[in-house]
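The values are calculated or read from the model by the stated rules, or taken from the named source; none is laboratory data. Note that the structure is predicted; figures quoted are calculated from it, not measured. Positions of Cβ are generated from backbone atoms using ideal geometry, with glycine treated the same way; all protein chains shown enter the neighbour counts.
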Amino acid sequence: MKNKKFLHPKFYPTWILILLMKISIHLPYKLQIKLGKVLGKFLFYIASSRRKIAEKNLSLCFPDKNKLQINFLLKKNFEEIGISFFETSNAYFATNQKIKEKLIVKNEKYLQEAIDNDKSIILLASHFLSLMLGSRALLLKYGIANIYRPQNNQLFDEIMRSSFVKNGAVMIKTKDTRSMLKAIKSKTPIWYAPDQDLGPNNSIYAPFFNIQTATVSATSRLAQSDNTVVLPYHFNRQGNKYIMEFQRPLKSYPTMNPLQDASKTNLILEKQILKFPDQYLWVHKRFKTRPDGESDYYKNL
């Protein structure tokens, strides 16, 4: 790291975290999972603000569950957050071989067929906690453009960006539409997860778990590019393996109706989340932006 500003004392805690991450990749996989769960249980008690956000999101999305069921899922989710520390460490620093050993790929034919047919490809993904590892796993075989939101910590952001670039990724910031279109035009598949609240600008309200949710409208706009297909994709841990699964390209997408398109992608992502609800990023304020007249769900947390 040549940038001298990262030698400032304010970055010392980040350097310590990076060192721990580099050490952690040498631990046996089963030990990583056990330690991750312990870390998650610890975070459950100290990260009260994030715990309250996750609890609120779960209560909104699963109104049929009682308080005990929500609390059980909440605790499982925090265990997954702890495990994600090791998954992210592996994504940044582990060898290709270590990642291959735990990887099972399903329905890769859909991606390969799109590539063979010279299609531009948008991989429609969700913000699961293992998303960094999933992005790295894609790079084992494919050149991918990752659409990402820069980290507030500049040093950690640079570590993330450089680790993926080193492994063959093109890193594109969420607001850099020009670079996204350039990647699509060059037939570089783009990894795109639109399930975050980026504010009212460039968003449309569409149902997500039966809640009117500010939904990124750029997915359908990007898909309007010539010869472009959208492939739903997800990456999750099942047992002691990671499953990377592709689905058929979306049919009749995009349409001329932005609300219909946003509703369709939200439904796809919702179905992915329902399969692995404990592994989703519930600590994000997904429903922060509300339609006019609706109160803030997170106001009193």
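Brief remarks follow.
- Filtering segment 50-78 to residues that are more than 21 Å from the chain's Cα centre (by Cα) and over 20 Å from I211 (Cα atoms) leaves L68, Q69, N71, F72.
- Pairs, first free of Cβ contacts under 8 Å to residues at least 40 places away in the same chain and assigned to a helix (DSSP H, G or I) in segment 254-277, second buried (at least 16 other Cβ atoms within 10 Å of the Cβ) and not basic (K, R), C-beta under 7 Å, six or more apart: K264/Y253
- For segment 1-37, filtered to residues that are part of a helix (DSSP H, G or I) and of a type in the set (K, R), the residue that is surrounded by the most Cβ atoms within 10 Å (Cβ to Cβ) is K37.
The rows are residues; the columns are (1) touching a residue at least 60 places away in the same chain (Cβ under 8 Å); (2) under 14 Å from the mean Cα position of the chain (by Cα); (3) surrounded by fewer than 17 Cβ atoms within 10 Å (Cβ to Cβ).
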| position | (1), (2), (3) |
| --- | --- |
| L138 | yes, yes, no |
| K141 | no, no, yes |
| N153 | yes, no, yes |
| E158 | yes, no, yes |
| S162 | no, no, yes |
| G168 | no, no, yes |
| I172 | no, no, no |
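- Summed over segment 120-140, residues that are modelled with pLDDT under 95 and charged (D, E, K, R) total 0.
Yes/no matrix, rows are residues, columns are (1) polar (S, T, N, Q); (2) outside any helix (DSSP H, G or I); (3) crowded, with 17+ Cβ neighbours inside 10 Å:
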site	(1), (2), (3)
L39	no, no, yes
F44	no, no, yes
N57	yes, no, yes
D64	no, yes, no
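- Odd one out for V229, checked against (1) in contact with a Lys or Arg (Cβ under 6 Å, 6 or more places away or on another chain); (2) more than 16 Å from I268 (Cβ to Cβ): (2)
- Looking only at segment 208-217, and only at residues there that are at pLDDT 95 or above and either more than 13 Å from R286 (Cβ to Cβ) or not in a strand (DSSP E or B) (or both), the one that is farthest from the chain's Cα centre (by Cα): N210
- When residues in segment 223-253 are screened for being under 19 Å from P189 (Cα atoms), surrounded by fewer than 16 Cβ atoms within 10 Å (Cβ to Cβ) and in contact (Cβ under 8 Å) with a residue 12 or more places away in the chain, 5 of them pass.
- Residues in segment 191-216 that are of a type in the set (G, A, S) and surrounded by fewer than 17 Cβ atoms within 10 Å (Cβ to Cβ): G199 alone.
- Qualifying residue in segment 174-185 (condition: modelled with pLDDT of 95 or more, surrounded by 18 or more Cβ atoms within 10 Å (Cβ to Cβ) and either touching a helix residue (DSSP H, G or I) at 6+ places or on another chain (Cβ under 7 Å) or assigned to a helix (DSSP H, G or I) (or both)): no
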